[in-house]
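Here's the structure we're looking at; comments come further down.
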Amino acid sequence: MEFKDYKTTVIVLEKFIDNAPYFHPAYFALARAQLGLGNTKKAQKILKKAIELTDMPDSKKHYLAKLDMLKKVSD
């Protein structure tokens, strides 16, 4: 993702998530990549999944803050 090749990042992360659907940081990274492609609604949906999967309070707080920011931007 550091090279801003969001299309490739999305493909790789979706394959990773197929094999490890419980790994919430991958959903957060996928949301960031979707946002890089301009897919705000997809990014919001994916962030919601990351929030569902995490049981770590700090991660949940971070994901909720990002989701809130995206909602404000898309309104």
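With the whole protein complex present, ASP55 retains an accessible surface near 130 Å², based on a 1.4 Å probe. Shown here: the chain, whose C-alpha atoms stretch 29, 28, 19 Å along the first, second and third principal axes, sorted largest to smallest.
How do THR40, THR8, THR54 rank by accessible surface area computed with a 1.4 Å probe, from largest to smallest?
Sorted by accessible area, descending: THR8, THR40, THR54.
Helices in the chain that qualify as membrane-span-like (whole DSSP H runs, Cα extent of at least 27 Å along the helix axis, mean Kyte-Doolittle hydropathy of -1.0 or higher) do not occur.
Rolling a 1.4 Å probe across all protein chains gives ILE51 an accessible area of roughly 30 Å². The order of SER59, SER74 by accessible area, most exposed first and with a 1.4 Å probe, is SER74, SER59.
Placing unit charges on the Cβ atoms only, positive for Lys and Arg and negative for Asp and Glu, gives the chain a dipole magnitude near 280 debye about its Cα centre. Please name whichever of GLN44, VAL73, ILE17 sits farthest to the positive end of the charge dipole of the chain, dipole taken about the Cα centre and charges placed at Cβ: Lys and Arg +1, Asp and Glu -1. So the residue furthest toward the plus end is VAL73.
Using a 1.4 Å probe and counting only protein heavy atoms, arrange LYS45, LYS60, LYS15 so the residue with the most accessible area comes first.
Sorted by accessible area, descending: LYS45, LYS15, LYS60.
So what's the projected area for the range 1-43, the Cα convex hull averaged over all directions, in nm²?
2.7
Output the relative contact order of the chain, whole-number percent, from Cα pairs under 8 angstrom with separation of 6+ residues.
Values: 66 pairs, mean separation 19.4, N = 75.
Taking the mean separation of contacting Cα pairs over the length of the chain, I get 26 percent.
The values are calculated or read from the model by the stated rules, or taken from the named source; none is laboratory data. Please read these numbers as outputs of a predicted model, since none were measured by experiment. All Cβ positions, even for glycine, are placed from backbone atoms using ideal geometry, and neighbour counts span all protein chains on display. Calculation scope for accessible area: heavy atoms of the full protein, side chains included, ligands and nucleic acids excluded. Shrake-Rupley method; radii C 1.70, N 1.55, O 1.52, S 1.80 Å.
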